Amino acid sequence: MAFLQDTCYTPLQTIIETKIPHVSRGTTHPLVNVNSSNYITTNEALAKKMLENDRDIENMEFFSILSVANHFNLPCSGLFIVTNYCNENAHDDFLKNHAKAKALITLHVEKNMKI
């Protein structure tokens, strides 16, 4: 979180902006900035500062997919179900909600697939 205190630097790209063509409920605007790091934020105050610094979501996996898509100039979208928020219960909440999130995504994909 040193970037929030302006006490670090990195030569690596740590944020990607993506245009979301189909804005769903819960998304306030069609541009989403995805943050990548080797950690999950557990401090709610710092998570709010991340939002203030244009880091909309923290997702290492989607960041890597967006990186490749942007490199090859390919359109890319993500389908997300929130399993946890960035707070002290983040990991426990993720574990508790992961199976239900997978089931909900499966239902959404099956319902919206065009065969």
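No value in this document is a laboratory result; all are computed from the given coordinates. The structure presented is a predicted model; accordingly, all values stated were derived computationally and were not measured. Because the Cβ atoms are built from the backbone with ideal geometry, glycine has one as well, and the counts that use them run over all protein chains shown.
If you rank Glu58, Glu88 by fewest surrounding Cβ atoms within 10 Å, what's the result?
On the way: Glu58 19, Glu88 10.
Least to most surrounded, the residues fall as Glu88, Glu58.
Can you compute 3J(HN,Hα) from phi for each residue in region 43-50, using the Karplus curve 6.51 cos²θ - 1.76 cosθ + 1.60 with θ = phi - 60°, rounded to whole Hz and x for Gly and Pro?
9, 4, 5, 5, 4, 5, 5, 4
Tabulate in residue order the Karplus-calculated ³J(HN,Hα) for region 96-112, using 6.51 cos²θ - 1.76 cosθ + 1.60 with θ = phi - 60°, rounded to whole Hz; enter x for Gly and Pro.
5, 9, 4, 4, 5, 4, 4, 5, 5, 5, 4, 4, 4, 5, 4, 5, 9
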